[in-house]
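Okay, structure first, notes after.
The values are calculated or read from the model by the stated rules, or taken from the named source; none is laboratory data. Computed from a predicted structure; not experimentally measured. Cβ placement follows ideal geometry from the backbone for every residue including glycine, while neighbour counts extend to all protein chains displayed. Each accessible area value is taken on the protein alone, full model and side chains, heavy atoms only, with ligands, DNA and RNA left out. Shrake-Rupley method; radii C 1.70, N 1.55, O 1.52, S 1.80 Å.
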Amino acid sequence: MPVRLPKARSSEIATFGLAGVAGFAPFYFMLPGAEERLATQTARWAPRWERNISYFAPPAQRIAQRVEPRVERTVKRIDDRLPLEKMAKNVDRRIKNGIDRMSK
């Protein structure tokens, strides 16, 4: 019995399209004249991008300022709970012991 695959959602199609663009971008830049084409497109679209970014930047900045203290506290709390210094010393000790053992 053949396996039936469900119809792809629009988000899946967009994800695969983005992956394809990202995957083939290096090959596009290897083609001759790619820099000139990219420069002309940037000159054409940059003013629109700047207008759109200036529309979204202030709300995003306010959100970042509101979230920053909570994120900072969470990172500090996780940092305090992790025994990173002890682990680093143990790894260093194991590496030194391994080197000493190999040099004998």
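Structure above, values below:
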| item | result |
| --- | --- |
| Odd one out for A57 among (1) under 24 Å from A25 (Cβ atoms); (2) surrounded by 10 or more Cβ atoms within 10 Å (Cβ to Cβ); (3) of a type in the set (G, A, S) | (1) |
| Condition check for V67: assigned to a helix (DSSP H, G or I), open to solvent by 80 Å² or more (accessible area, probe 1.4 Å), more than 30 Å from A25 (Cα to Cα) and among the β-branched types (V, I, T) | no |
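Quick grid of which residues meet (1) surrounded by fewer than 10 Cβ atoms within 10 Å (Cβ to Cβ); (2) of a type in the set (S, T, N, Q); (3) in contact (Cβ under 8 Å) with a residue 24 or more places away in the chain:
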residue: K7; (1), (2), (3): yes, no, no
residue: S10; (1), (2), (3): yes, yes, no
residue: I13; (1), (2), (3): no, no, no
residue: G23; (1), (2), (3): yes, no, no
residue: P26; (1), (2), (3): yes, no, no
residue: A34; (1), (2), (3): no, no, no
residue: R37; (1), (2), (3): no, no, no
